[in-house]
């Protein structure tokens, strides 16, 4: 692991990262993976450092994964939930974060419903900021753990065909994955109802189709995205049943896919809608591997950012 190779104070998205920076993240995660296999699952890397987890949106997997990663690295943590915070009383996000910063916090992990919120904080604050999901913009650690899982199972990301099926329009997971996978040489196709495909999505270096069979043909990975009703202000398709009839991944559909295809999902899964239960629990699924790998990836993010911030403070 090489702290010195990582220069950035923050991780707010994959759009601006280089392929080499992504490789460093993935290789660092690989080297940290074995910590969870030890009898004592803890290292002193971030001892004496404080990390604040600011979650202004509901979260279970991401929040728990970050909290556990921080504990594995021996950091002190502050957990802050927007629904019970001063922001409900009218305090601005920036003022809230400045108050937390005054407690000598070194890293802030933030999930926020407004796209761009982590970027604004990163530009205005000296502490390191990690984007744990902002609006419909990006979710960089989810994309990194997805790429880590694909590389672990397939041995490479280059020339791997990855199909994203579902609500592409509202998916920050899809956006971060597209930025990351295309930089690593993967071939990406997005698929869903025309109303859930972003305009001119092909300009991001991907192919797009409304036909499920076309999307999964020769795909090495199928990454399912749930219908995000909480981010939709209008109806984008006639009914959930009709959506499932056209876009659900089930055993019948998988007959047309590669025999070693990987089934992925960022969670939570709507069983029986985007993914049939028997496929989710079957041999194609690596969804639980994604959860496991998320811990190593988030440890790597905290590790690399803490090193970059320390170097900046020493200058």
For the range 140-291 the mean separation of alpha carbon contacts under 8 Å (6+ apart) over residue count, i.e. relative contact order in percent, is 24 percent
Taking a crude spin-label model, label points 7 Å out from Cα along the C-beta direction, the residue 211 to residue 78 distance in nm is 5.5 nm
Checked the range 1-148 with the C-alpha gyration tensor, a ≥ b ≥ c its square-rooted eigenvalues, rounded below a/c of 1.5, otherwise prolate if a/b is larger than b/c and oblate if not; verdict prolate
Here the FRET efficiency for residue 31 versus residue 92, based on Cβ atoms and R0 = 41 Å and rounded to 0.05, is 0.55
Length gained if residue 38 through residue 7 is fully extended, taking 0.36 nm per residue and subtracting the Cα-Cα distance, is 8.2 nm
Here, residue 289 and residue 153, labelled 7 Å along Cα→Cβ, have an inter-label distance in nm of 0.5 nm
Burial-style ranking of 293-299, 131-137, average other-beta-carbon count within 10 Å with highest first, yields 293-299, 131-137
Honestly the range 140-291 on the Cα gyration tensor test (a ≥ b ≥ c root eigenvalues; a/c under 1.5 rounded, otherwise a/b vs b/c for prolate or oblate) is just rounded
Computed over the chain: longest principal axis from alpha-carbon atoms vs helix 287-314 long axis, angle to nearest 10 degrees, is 30 degrees
Rounded to the nearest 10 degrees, the helix 61-72 long axis (Cα) sits at an angle to the longest Cα principal axis of the chain of 40 degrees
Length gained, residue 68-residue 271, 0.36 nm per residue minus C-alpha separation, equals 70.4 nm
From the Cα centre of the range 247-285 to that of the range 97-153, the distance in Å is 29 Å
Here the residues of the range 5-30 lying in the modelled label zone of residue 123, meaning backbone nitrogen under 19 Å from a point 7 Å along Cα-to-Cβ, are 8-17
Rounded to the nearest 10 degrees, the helix 140-154 long axis (Cα) sits at an angle to the longest Cα principal axis of the chain of 60 degrees
In a Gaussian network model of the chain with springs linking alpha carbons closer than 10 Å, the residue among 216, 150, 240 that fluctuates most is 240
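Taken together, the values in this text are just the output of simple stated rules run on the coordinates, not laboratory data. Only a predicted model underlies this, so the values are computations on that prediction, with no experimental measurement involved. Every residue, glycine among them, receives a Cβ derived from its backbone with ideal geometry; neighbour counts consider all protein chains shown.
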